[in-house]
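Here is the structure we will look at, set down as structure tokens.
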Amino acid sequence: MLHSKLFLKTKKEAPSDEVAKNAILLDRANFIYKEMAGVYSYLPMGLKVLNKIENLIRKQMDTIGNEITMSSLAPKELWEKTGRLEEVDVLFKASAANENSKNKSSNEYVLNSTHEELITPIALEFGKSYKDFPFAYYQIQTKFRNEPRAKSGLLRGREFRMKDLYSFHLTQEDFEDYYEKAKVAYMNFFKEVGLGESTFITSASGGDFTDKLSHEFQVVCDAGEDIIYLNKNSGTAYNKEVLEIELKNNNLKVEDLEELKACEVGNIFTLEDRFTKSFNFQYTNVDNQKNVVPHMGCYGIGSSRIMGVLVEKFGDEKGLVWPKAVAPFDIEIVSLHKEKNDKVYEVSKNVYQMLNRPPLTPPYQGGEEYSKKYEVLWDDRELSAGVKLNDADLYGIPMQIIIGTKNLEENLVEIKLRHTGEVVKVKVEDLEKELMSLWQKVF
Ligand code: ATP
Ligand code: MG
């Protein structure tokens with residue numbers, strides 16, 4: 001990708017209406033655009049990061065469920081049926097905006113904050129017999145919540161992205177079995193996205209309709225709103241709300257635990273028969289009796305919140321720092337050319353073309369162990385070296401290739417690792433080999 005085709009203008013100063021580090025850096029780097037408090041649009045590089053996070057989630061969820069997409073707009077009646085229209089204190093409603101529209105339809109709709117009301121009627125259409133169970137559906141979709149404190153950028157949106165999965169089971173044992181599999185898939189995802197070492201499975205309250213615990217996935221992070229108590233020996237943690245009872249149950253003392261600030265990035269629950277009952281969801285069992293209500297579970301991950309958490313954890317005074325698994329590009333070529341077609345520009349162009357060529361396919365001719373397909377951004381703009389170097393640090397792409405006149409006199413270019421700041425000078429002809437070995441060092 002050529003930078004000149006991205007149509008961006010980075011900002012030197014923090015926007016005056018943002019206080020959260022993630023919002024400030026993402027806005028300055030033009031990854032997001034603020035529409036209003038808690039509502040953001042995603043610009044080219046921001047969308048790339050979000051898509052990569054969501055694809056990593058998808059990869060894990062495909063091992064335990066089938067992907068669907070449910071509607072954002074729901075008939076109000078579905079929410080009346082479960083009694084939650086009046087109960088959920090962050091629920092938004094949508095209705096005709098003007099008289100002409102009202103003349104067409106005066107119906108009122110809910111903008112879904114979560115999708116139990118939609119998934120259960122879908123599931124009851126297909127779960128007719130015990131033979132149809134178990135099954136699980138998931139989606140990655142936009143959610144709407146009327147959050148009172150929308151000052152934390154992507155950490156707390158009024159419109160935000162979430163993966164939500166719902167599973168249906170014949171027995172409690174089968175549900176519990178699946179629940180453990182979901183925990184494994186979740187931790188695999190957190191490892192892949194670069195948060196493996198700082199994410200802890202945390203016992204929390206199960207909500208209003210069950211005595212059972214739920215499990216939150218909490219990332220240790222100063223910007224988080226939660227307090228967790230970590231048992232370092234077992235690697236498990238407790239949310240403050242269940243601490244007292246869990247200390248008793250597990251024969252622990254609070255001194256054994258470390259108190260940490262954390263941000264909830266995922267939450268898995270048993271729903272028991274709370275929703276299946278509301279929709280009169282019954283299946284026929286082996287004896288052809290139609291009176292059995294399935295067990296249901298729900299499993300959420302906040303994909304846009306994770307994007308914010310990555311900035312909070314890894315961003316520094318120079319800007320964003322992305323783990324390589326979700327960076328918008330792998331490499332940025334920072335070409336410090338004075339004008340188009342000078343030597344620096346030509347070398348940069350060659351490097352760009354070399355890194356963009358299609359990956360080699362077997363049979364190999366030799367030397368291809370260095371071959372990897374990178375996603376490359378070339379800063380081809382005619383701007384000062386200072387602006388380009390600062391922008392590159394602000395974007396947080398893992399590897400920079402800095403190409404300038406002085407080094408080129410000796411046929412050298414610089415490779416800079418954004419997360420450590422390490423700079424290595426390499427010969428142009430060794431570039432590909434050096435990139436490959438440095439790529440292993442990127443987190
Ligand atoms: P919180 O306690 O932070 O308000 P929650 O417990 O209400 O979150 P859930 O209903 O469990 O959230 O939603 C599942 C996941 O969706 C959360 O673990 C979180 O990662 C994400 N999420 C929830 N609310 C928001 C929001 N307003 N903005 C961004 N992500 C959110
Ligand atoms: Mg939660």
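The values are calculated or read from the model by the stated rules, or taken from the named source; none is laboratory data. Here the structure is a predicted model, which means the values were calculated and not measured. In this analysis, Cβ positions are derived from the backbone assuming ideal geometry, glycine residues included, and neighbour counts consider all displayed protein chains. Surface areas here come from the heavy atoms of the whole protein model, side chains and all, with no ligands, DNA or RNA. Shrake-Rupley method; radii C 1.70, N 1.55, O 1.52, S 1.80 Å.
With the full set of protein chains in place, find how many percent of the accessible area of the chain is carbon and sulfur; take the probe as 1.4 Å.
49 percent
Counting every Cα pair in segment 286-337, what percent are over 15 Å apart? Can you show the working numbers first?
Details: 922 of 1326 pairs.
So the pairs more than 15 Å apart make up 70 percent of the total in segment 286-337.
When all alpha-carbon pairs of segment 91-211 are counted, what percent fall beyond 19 Å?
68 percent
Along its principal axes, what span do the Cα atoms of segment 231-338 show, with the longest given first and each in whole Å?
80, 43, 21
List every residue whose amide H lies under 5 Å from the amide H of Thr284, counting only residues 5 or more places away in sequence or on a different chain, with H placed 1.01 Å from N in the peptide plane.
Residues meeting the criterion, in which the H sits 1.01 Å from N, are Ser129, Tyr130.
Please work out the average accessible area per residue across segment 1-95, using the 1.4 Å probe convention, and give it in Å².
54 Å²
Ignoring ligands and nucleic acids, what accessible area does Thr405 show with a 1.4 Å probe (Å², nearest 10)?
That residue has around 70 Å² of solvent-accessible surface.
What percentages make up the Cα-Cα pair-distance distribution of the chain when the bins are 20 Å wide from 0?
22, 47, 26, 5, 0
Could you rank the peptides 184-191, 348-355, 127-134, 157-164 by their average count of other C-beta atoms within 10 Å per residue, with the highest value first?
157-164, 184-191, 348-355, 127-134
At 1.4 Å probe size, put Arg381, Arg58 in order of accessible surface, largest to smallest.
Ranked from most to least accessible, the order is Arg58, Arg381.
HN-Hα J couplings of segment 377-390 from phi, Karplus 6.51/-1.76/1.60, θ = phi - 60°, integer Hz, Gly and Pro as x?
Here the 3J(HN,Hα) series is 10, 10, 7, 9, 6, 9, 9, 5, 4, x, 4, 5, 5, 5 Hz.
Semi-axes, largest first, in whole Å: what does sqrt of 5 times each Cα gyration tensor eigenvalue give for segment 1-109?
Those come to 34, 23, 16 Å.
Show me 228-234, 297-303, 418-424 ranked by packing, highest mean number of other Cβ atoms within 10 Å first.
In descending order of packing, they fall as 297-303, 228-234, 418-424.
Spelling out what I want: for every residue of segment 423-437, take phi, set θ = phi - 60°, compute 6.51 cos²θ - 1.76 cosθ + 1.60 (Karplus), and round to whole Hz; glycine and proline get x.
10, 10, 8, 9, 5, 3, 6, 9, 3, 5, 4, 5, 4, 4, 6
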